[in-house]
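**Q** Take a look at the following structure, please.
Please treat every number below as a calculation from the coordinates, not as lab data. On a predicted model such as this, the values are computed, not experimentally measured, just so you know.
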Amino acid sequence: MDGWGTTVTTRQRHTPSEVANKLAMADDMAAQGRLHGDIAKSLGISVMTYHRWRKARKAHPVPRHAAEAARTETLTEHEQMIQIRELRLENLRLRRLVTDLLLEKDKLEEGLRLGIGDRRAAHN
């Protein structure tokens, strides 16, 4: 703490292996549907640092371990079917969310149109 009663955070440099490990953990959390802010908080970094690391990883891809690469390339048919089913469920959930938002938007727009029409009738 400083003299003002606030906590002072010091900048911490992470080694490339620490960054890679934290990004791997972040990927797992993202696959579970966690939000970027929650991921960054659980990793002990800021959201901006998380996005900067992700951007840097895309610019300079780090080769994955051979075992991990072989594992992802040789998913069993059962694992592929589970993954496809999960993606379809996520797609369905997102489509419903978009539909709900569009209906809500239409309802709000209709309310605005009716509200403006009522005001015009009241002034005449």
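**Q** Short version: ³J(HN,Hα) in whole Hz for each residue of segment 77-82, in order, from phi by Karplus 6.51 cos²θ - 1.76 cosθ + 1.60 (θ = phi - 60°), x for Gly and Pro, what are they?
**A** 4, 4, 5, 5, 5, 4
**Q** Follow-up. Quick one: length gained pulling LYS107 to ARG34 fully straight, 0.36 nm per residue minus the C-alpha distance?
**A** Result: 23.3 nm gained on full extension.
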